[in-house]
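Here the structure comes first, spelled out in structure tokens, and everything after it is commentary.
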Amino acid sequence: QVQLVESGGGLVEPGGSLRLSCAASGNIFRLYAMGWYRQAPGKQRELVAVITSGGSTMDADSVKGRFTISRDNAKNTVYLQMNSLKPEDTAVYYCKAQGLGTEYWGQGTQVIVSS
């Protein structure tokens, strides 16, 4: 069982930045691919960015050039650096661990981009 705890969300003005963190329990974090997803009110959950166990990354077109996913295996943590935030980035952001035939989700952290 892996537990994921997100943090770092909040209220930010358009053009601002936030860094989300997702801390994982256990000692096999390095074996999981980690992803950030988001869900805006009335919309389906969508993929934001993924980082594999080997460190390869993939970003959604909507966040390319603005968001960066990274991981620190020594700290069992995955990050999402979000720059140049837009109102349409407002959503609950979730992290997911996937691997070894299973997947786990965190509880989410709210991001609101508004002036």
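Label-point separation (nm) for K86 and V5, each offset 7 Å from Cα along Cα-to-Cβ?
Spacing of the two 7 Å Cα→Cβ label points: 3.4 nm.
Hey, any idea what % of the chain's accessible area is carbon plus sulfur with a 1.4 Å probe?
48 percent
Expressed as a fraction of 2.2 N^0.38 Å, the rule-of-thumb size for a compact globular protein of N residues, what is the C-alpha radius of gyration of segment 1-79? Spell out each step's value before the answer.
Values: Rg = 13.1 Å, N = 79, 2.2 N^0.38 = 11.6 Å.
My calculation over the Cα atoms of segment 1-79 gives 1.14.
Give the dimensionless ratio obtained when the Cα radius of gyration of segment 14-59 is divided by 2.2 N^0.38 Å. Working shown, then result.
On the way: Rg = 13.1 Å, N = 46, 2.2 N^0.38 = 9.4 Å.
Normalised by 2.2 N^0.38 Å, the Cα Rg of segment 14-59 equals 1.39.
Taking a probe of 1.4 angstrom, what is the accessible area of D61 in Å², to the nearest 10?
130 Å²
Probe of 1.4 angstrom, ligands and nucleic acids ignored: what's the accessible area per residue over the chain, in square angstrom? Intermediate results must be reported in sequence, preceding the final value.
Numbers: 6000 Å² over 115 residues.
Accessible area per residue: 52 Å².
With the cut-off at 21 Å, report for segment 37-115 the share of all Cα pairs above it, as a whole percent.
Values: 827 of 3081 pairs.
I get 27 percent for the Cα pairs in segment 37-115 exceeding 21 Å.
The values are calculated or read from the model by the stated rules, or taken from the named source; none is laboratory data. Not measured: the values here are computed from a predicted model. Note that we place each Cβ from the backbone using ideal geometry, even for glycine, and neighbour counts take in every protein chain shown. Areas reflect the complete protein model, heavy atoms only, side chains present, ligands, DNA and RNA absent. Shrake-Rupley method; radii C 1.70, N 1.55, O 1.52, S 1.80 Å.
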